[in-house]
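Engineer: So that we are looking at the same thing, I have put the structure below in C-alpha cells.
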Amino acid sequence: HRIPLALVWAIGYLVDTAYTVREILDRPELFADFDEELTKAADRYENKGLKRLHFEQLKIQPAESLPSLGLLAFFKRAVPKGALAHLLDEVQLNKTLTRLERNKLVTRKESADAYTRYLNDPLATNLYGLHPVICENEFFTTLPNKETLYETAAKKCWERAYAAAEVNRFAYALELYD
C-alpha cells in the first residue's frame, strides 16, 4: 500500500528526468518506511522514507529552482509570491513554482485576507511554502551564498512592503513585513 502514495511524491522523477515507473519501482530503498509516522502532526515529521524521496527530487532540480526553494526554506512558512518575485521574471517564476507544486515540493494556498483576495493580485493572493519535511532536509545546508540570497530577499520584501503600504495595500504589506 506504500507504493501508490510514494509514487505521488516521486512524480518529479517521471516528469523531470528520464526515469520510468519500472526503474523507480526497482529501487525499494525509496519506498522503505515511506508511510511510517505519516499521520503525525506536520511539525513532528520523522518520516525517513518521505525525506529520502524529497532529497532525491531536490538533487535533480534545475538551477533556477534552487533560489526559490532556498528562500522558502529560509522563511519556514507560506509567504506571498511577491516575496519570491525578485528571483526570476514573472513567466519563469510561474513555470518554476508550478513545476515545484506539481512535484509536491511546495504548496500553494490563498491569502486568508478577504480584501487581498478581492484585489486579486497574484503576488499577494498566492502564498507558497515548502512541505514541512523539506524544511528539515540537510540539502539546504549545502547551498552556496545563502546569506546573500536571504539579505537580498529581506531587502526586496521590505521594498515591496513599503510600496504596498504607500498605496494602502496594508494586508499585503503586513504579510511581507512579517
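Engineer: Just how far, in whole angstrom, is region 48-97 from region 123-168 if you go by their alpha carbon centroids?
Structural biologist: The distance from the Cα centre of region 123-168 to that of region 48-97 comes to 10 Å.
Engineer: Give me the accessible area of Asp113, 1.4 Å probe, in Å² rounded to the nearest 10.
Structural biologist: That residue has around 50 Å² of solvent-accessible surface.
The values are calculated or read from the model by the stated rules, or taken from the named source; none is laboratory data. These figures come from a predicted structure and were not determined experimentally. Note: areas computed on protein heavy atoms with side chains; ligands, DNA, RNA excluded. Shrake-Rupley method; radii C 1.70, N 1.55, O 1.52, S 1.80 Å.
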